[in-house]
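Worksheet for the structure shown next.
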Amino acid sequence: MAEFDVLAAGDLNVDLLLSGCPAPEPGKERLATGMNYTLGGSAAIFACNLAALGARVCFAAKVGRDAPGEFCLEQLRACGVDVSGVCLSDEHRTGISVILAVEGQAQKAILTYRGAMERLEEADIPNELLRRARHLHVAAFYLLPALQPGCARLFERARASGLTTSLDTNDDPDERWNSNLLEVLKFTDIFFPNRREALSIAGESDLCRAARKLADCGRTVAVKADADGAVLAGGASGSRLELRVPRAAVEFVEATGAGDSFDAGFLFRYLAGAPPQDCLRFANACGALAVTAVGGTEAFRRPDLHARLKEVEMVR
């Protein structure tokens, strides 16, 4: 039996979230009404929230040997995540994302300094680490330039070690939407884009067509579609399978980590052998719950987590 259900790999940084922000104007100082300094990085938020659901999670990443790096490790450990796969760098500082939640805007603005995370490479995730888990999940593909050239080999090695695989690219700051991605997808069992990512990578203007196109190789594609809920294409029946779930009705506070929480919910049910519709519905509930608190992991730290998820699943 594997020691861990999931090995998560990818970005790890601190998030400085400023909420209640007016629109920034060059040369002018404006005031935010709230501030949170918290664990950041899509892969890290995913790992913490998956552990909160009850999965056994190990994490692989790279941070600086500095105070922000130690803060990240402390936060991961506090969430029950094994950090034995995290590399410490003496040469590079831990990354940071500054998140501006601007009043009246549903989408937040993010500025990221990648720091040590951009040095994470395939060799930092050896076979010995892969063999400790049942599943490999990589997040923030476009933020990890050193990992991109070897990511397909990493997924191929994971498959050879008996792991299933999943990928969430997150946004591409360069808006090129390539970087060896199609080669990686050949070895990916579940792909988790959001609407913008799915349309951009597939080169389509219709979400369902984009999902079907991305599923053509037989993988499962679960698209986070914001107000339209979620769409799934592919799966065990190939691209003929198509499922939808509507948006879950919750009180919106802040959206950091919603997509990562969706991924965590889907994989939690997937690794338990649940059917695709159940995986998609639970993923949608997890993504919705994440937006009810400030920061990517706060909603999943509550002691009544599973009761609240059940309520969200039932409300339509």
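Things worth noting here:
- Free-standing Cys residues across the chain, given no other cysteine C-beta under 4.7 angstrom: CYS21, CYS58, CYS72, CYS87, CYS151, CYS208, CYS217, CYS279, CYS286
- Rg/Rh, computed from the Cα trace of region 58-153 with Rh as the Kirkwood radius, has the value 1.01.
- The GluC sites (Glu not before Pro) of region 144-224 that DSSP puts in a loop, and whose beta carbon has at most 14 other beta carbons within 10 Å, are GLU175.
- Looking at region 30-132, the GluC sites (Glu not before Pro) that sit in a DSSP loop and have at most 10 other Cβ atoms within 10 Å of their own Cβ are GLU91.
- For region 288-308 versus region 3-19, the inter-centroid distance based on Cα atoms is 16 Å.
- Summary of the geometry: region 101-131 and region 62-94, compared by the centres of their Cα atoms, lie 13 Å apart.
- For region 241-288, the set of GluC sites (Glu not before Pro) satisfying both a DSSP loop assignment and a count of at most 14 other C-beta atoms within 10 Å is given as GLU251.
- Identified option (computed semi-axes √(5λ) of the Cα gyration tensor in Å; candidates (1) 26, 24, 20; (2) 33, 23, 17; (3) 36, 19, 17): (1)
- Dimensionless Rg ratio for region 206-277, taking C-alpha atoms and the 2.2 N^0.38 Å reference: 1.14
- Listed residues ALA307, LEU50, GLY218: farthest to the positive end of the dipole of the chain (Cβ charges): GLY218
- Euclidean distance between Cα centres, region 31-46 to region 190-214, Å: 27 Å
- Counting only whole DSSP H helices of the chain, there are none at least 27 Å long by C-alpha along their axis and with mean Kyte-Doolittle hydropathy no lower than -0.5.
- Here's the picture: charge each Lys and Arg Cβ at +1 and each Asp and Glu Cβ at -1 in the chain, and of ALA116, SER84, CYS21 the one pushed furthest to the positive end of that dipole is SER84.
Where a number appears in this text, it was derived from the coordinates with a stated rule and is not lab data. These figures come from a predicted structure and were not determined experimentally. All Cβ positions, even for glycine, are placed from backbone atoms using ideal geometry, and neighbour counts span all protein chains on display.
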